[in-house]
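Undergrad: To start, I am sharing the structure in question, which I have written as structure tokens.
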Amino acid sequence: MKGKVYINGDLLPAEEASISVYDRGFQYGDGIFEGLRCYDGKIFKLKEHVQRLFQSARAIQMSIPLSHDEMCEAIKTTVRANGSLNAHIKPIVTRGYGWKLGLDPKNTTEANIVIIVREIGESMYAQADKGLRLAVVSLRKPPAYCLDPRVKSLNYLLNILARAEAQASGADEALLLDTQGYLAEGSADNIFLVREGMVYTPTLQSALAGITRQTVIDMAVASSIKVFEQSLTQYDIYNADEAFVTGSGAGIASVVQVDGRPVGEGRPGPITQRLIQRYAEVVKEGEPV
């Protein structure tokens, strides 16, 4: 471990950074987080990510002891302290320490804020250039009437088990369905299909409102590519001309295989490549640290 970690206003060496085992994020997954990217010293969509962080907090009745501007500055300060021009940034907010036994959210201290910065390449997927292999897994993504997927919570056990199941089948990433059998999202990314020159993506009923997802939609529309948000099934992705996943960590990564079936010609398609090239330009418009 190297670098500095932000913990409640302090910048500590990574090997010394810690919080109590009584923290509710550790005990119950009672917290929220974001994932941002810094490209050449510029943080992409910083304000949008911080706004989503605060919206997640509001949705679960958690108070963040910083303003939006203070959170943005804390993130930039942490990136500067690490000297990272190209990095993944993970701000985490937990409900605080729960000294008393039990789930009562009122028995807590002030929220804990942690910001971690790690070096990263173009994508968290080492095989992104060649394209990813996806596997539809048996686990199902809970719908909004269970827990709204727009809350980016610390409880990622479902996502972890989905990734493990996909890897056990020889795939790189999982593809989760919702409880009705429609495509939802990957374990750490949103999913897109291309068919006859048009782009399709699942609705947000069971998927995270990804900021990279919305960026791709905006880029496609600006490039006169039609985009449809609708219910999609395995049949649709099996018969797609192209497919790709999106996320802050993933960037835009082509999908070349799903459940052993090649997607299109089994290699990154022209529209996917066009969007990847445009995305590489758009991320340069971030906020300087």
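The values are calculated or read from the model by the stated rules, or taken from the named source; none is laboratory data. Because the structure is predicted, anything quoted here is derived from the model rather than measured. Note that each Cβ is placed from the backbone with ideal geometry, even for glycine, and that neighbours are counted across all protein chains shown.
Undergrad: When you scan the stretch 93-112, do you find a residue that is surrounded by 15 or more Cβ atoms within 10 Å (Cβ to Cβ), under 17 Å from the mean Cα position of the chain (by Cα), in contact (Cβ under 8 Å) with a residue 12 or more places away in the chain and not assigned by TED's automatic domain parsing to the domain that holds D259, even just one?
TA: yes
Undergrad: On to the next question. Six or more apart or on different chains, Cβ atoms under 7 Å: show the pairs whose first residue is in the stretch 125-141 and over 18 Å from R261 (Cα atoms) and whose second is modelled with pLDDT of 95 or more and polar (S, T, N, Q).
TA: Cβ pairs passing all conditions: R140/T179.
Undergrad: Out of the residues in the stretch 64-85 that are exposed (fewer than 14 other Cβ atoms within 10 Å of the Cβ) and in a loop (DSSP other than H, G, I, E, B), which is nearest to the chain's Cα centre (by Cα)?
TA: L85
Undergrad: Then there's this: Return the pair list, or none, for Cβ contacts closer than 9 Å from residues in the stretch 191-216 that are not assigned by TED's automatic domain parsing to the domain that holds P149 to residues that are of a type outside the set (S, T, N, Q), at least 6 apart or on different chains.
TA: none
Undergrad: Kindly check whether there is at least one residue in the stretch 262-270 that is modelled with pLDDT of 95 or more and within 20 Å of the chain's Cα centre (by Cα).
TA: No, the stretch 262-270 contains no residue that is modelled with pLDDT of 95 or more and within 20 Å of the chain's Cα centre (by Cα).
Undergrad: Name the residues in the stretch 120-163 that are among the basic types (K, R) and surrounded by fewer than 18 Cβ atoms within 10 Å (Cβ to Cβ), would you?
TA: If the condition is that a residue be among the basic types (K, R) and surrounded by fewer than 18 Cβ atoms within 10 Å (Cβ to Cβ), then K130, R140, R150 are the ones that fit.
Undergrad: For the subset of the stretch 40-62 comprising residues that are more than 23 Å from G3 (Cβ to Cβ) and surrounded by fewer than 14 Cβ atoms within 10 Å (Cβ to Cβ), which member is nearest to the chain's Cα centre (by Cα)?
TA: Going through the qualifying residues, I end up with K47.
Undergrad: Quick check on the stretch 233-240. Is at least one of its residues surrounded by fewer than 18 Cβ atoms within 10 Å (Cβ to Cβ) and over 30 Å from S138 (Cβ atoms)? Steps first, please.
TA: In the first step, residues of the stretch 233-240 are kept if they are surrounded by fewer than 18 Cβ atoms within 10 Å (Cβ to Cβ); the result is 233-236, 238-239.
Filter once more, so that each one left must be over 30 Å from S138 (Cβ atoms): none.
No, the stretch 233-240 contains no residue that is surrounded by fewer than 18 Cβ atoms within 10 Å (Cβ to Cβ) and over 30 Å from S138 (Cβ atoms).
Undergrad: Scan the stretch 39-66 and report the pairs whose first residue is at positive phi and whose second residue is aliphatic (A, V, I, L, M), with Cβ atoms within less than 6 Å and a gap of 6+ or a chain change.
TA: The qualifying pairs are D40/L85; G41/L85; G41/V289; K45/I211.
Undergrad: Also: In this structure, is D236 of a type in the set (D, E) and over 21 Å from the mean Cα position of the chain (by Cα)?
TA: Judged against the criteria, D236 is a match.
Undergrad: I've got another one for you. Which residue pairs have Cβ atoms under 8 Å apart, sit 6 or more places apart or on different chains, and have a first residue in the stretch 263-289 that is at negative phi and a second that is of a type in the set (G, A, S) and part of a helix (DSSP H, G or I)?
TA: Once the first residue is at negative phi and sits in the stretch 263-289, its partners that are of a type in the set (G, A, S) and part of a helix (DSSP H, G or I) give L275/A220.
Undergrad: Quick test for you: out of T179, T233, pick the one residue that is touching a strand residue (DSSP E or B) at 6+ places or on another chain (Cβ under 9 Å) and farther than 19 Å from G260 by Cα.
TA: After applying the criteria, what remains is T179.
Undergrad: When residues of the stretch 113-124 are filtered for being touching a residue at least 60 places away in the same chain (Cβ under 8 Å) and in a loop (DSSP other than H, G, I, E, B), how many remain?
TA: 4
Undergrad: Right, another one. Residues of the stretch 95-131 being among the β-branched types (V, I, T) and in contact with a His (Cβ under 8 Å, 6 or more places away or on another chain), which ones?
TA: V117, I120 - these are the residues of the stretch 95-131 that are among the β-branched types (V, I, T) and in contact with a His (Cβ under 8 Å, 6 or more places away or on another chain).
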